[in-house]
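J.: Structure below; questions to follow.
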Amino acid sequence: MKTLMNQLRLGTARFTSGRAVIAAMLLGPAVGALLAFGAVAAQEENVVSIDNFTFAAPALTVAVGTTVKWINHDDIPHNVVDKNKAFRSKALDTDDSYSFTFASAGTYDYFCGLHTHMQGKIIVK
């Protein structure tokens, strides 16, 4: 990305100010698309979204030592509770998150303690 920006700077240095504006107008969407692609590529992995009374990744497989993050996008509180009591979050309001690092292999069945029909599973290998 730095190389692209340096090339753009060198290329626009040869233009007059009027031509530089035109070049910026033409190259702006391309640079914006590259930046948007970088933002999408940088999205977090191992995230479980809570939305519309569901865990968006009902089953997620991760390696030992992986940290999984739950984010509540619902308008009401939820929490995350492991059936074997390995982890338990506080009530998560809208856009709150909870993270847990899985140090041992196994299957972790979890649910929302406030809405027990909401269930999910983390498989750690």
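J.: Could you give me the residue pairs with C-beta distances under 8 Å whose first residue belongs to segment 44-66 and is under 16 Å from VAL81 (Cα atoms), whose second residue is modelled with pLDDT of 95 or more and open to solvent by 70 Å² or more (accessible area, probe 1.4 Å) wherever it lies, and which are 6+ apart or on separate chains?
T.: Pairs that qualify, where the first residue is under 16 Å from VAL81 (Cα atoms) and the partner is modelled with pLDDT of 95 or more and open to solvent by 70 Å² or more (accessible area, probe 1.4 Å), are SER49/HIS73; ILE50/HIS73; PHE53/HIS117; PHE55/GLN119; PRO58/GLN119; PRO58/LYS121; ALA59/LYS121; LEU60/LYS121.
J.: May I pose another question? Could you pull out the residue among ALA42, ALA103, ALA91 that is of a type in the set (Gly, Ala, Ser), modelled with pLDDT of 95 or more and open to solvent by 60 Å² or more (accessible area, probe 1.4 Å)? Don't jump to the end; show me each part of the working.
T.: Details: ALA42 fails: modelled with pLDDT of 95 or more; ALA91 fails: open to solvent by 60 Å² or more (accessible area, probe 1.4 Å).
After applying the criteria, what remains is ALA103.
J.: Of the residues that sit in segment 107-125 and are open to solvent by 70 Å² or more (accessible area, probe 1.4 Å) and closer than 14 Å to ASN84 by Cα, which one is nearest to the chain's Cα centre (by Cα)?
T.: Looking at the filtered set, the residue picked out is LYS121.
J.: A further question on this structure: State whether one or more residues within segment 81-88 are at negative phi and under 20 Å from the mean Cα position of the chain (by Cα).
T.: First pass over segment 81-88, keeping only residues at negative phi: 81-84, 86-88.
Then drop every residue that is not under 20 Å from the mean Cα position of the chain (by Cα), which leaves none.
Taking every residue of segment 81-88 in turn, none turns out to be at negative phi and under 20 Å from the mean Cα position of the chain (by Cα).
J.: Just to be sure I understand the filter: pairs with C-beta atoms under 8 Å, separated by 6 or more residues or on different chains, first member in segment 99-115 and within 16 Å of VAL48 (Cβ to Cβ), second member at pLDDT below 95 and hydroxyl-bearing (Ser, Thr, Tyr). Which pairs pass?
T.: As it stands, the answer is none, since no pair meets every condition given.
The values are calculated or read from the model by the stated rules, or taken from the named source; none is laboratory data. Everything numeric in this text was worked out from a predicted model, so none of it was measured. Every residue, glycine among them, receives a Cβ derived from its backbone with ideal geometry; neighbour counts consider all protein chains shown. Areas reflect the complete protein model, heavy atoms only, side chains present, ligands, DNA and RNA absent. Shrake-Rupley method; radii C 1.70, N 1.55, O 1.52, S 1.80 Å.
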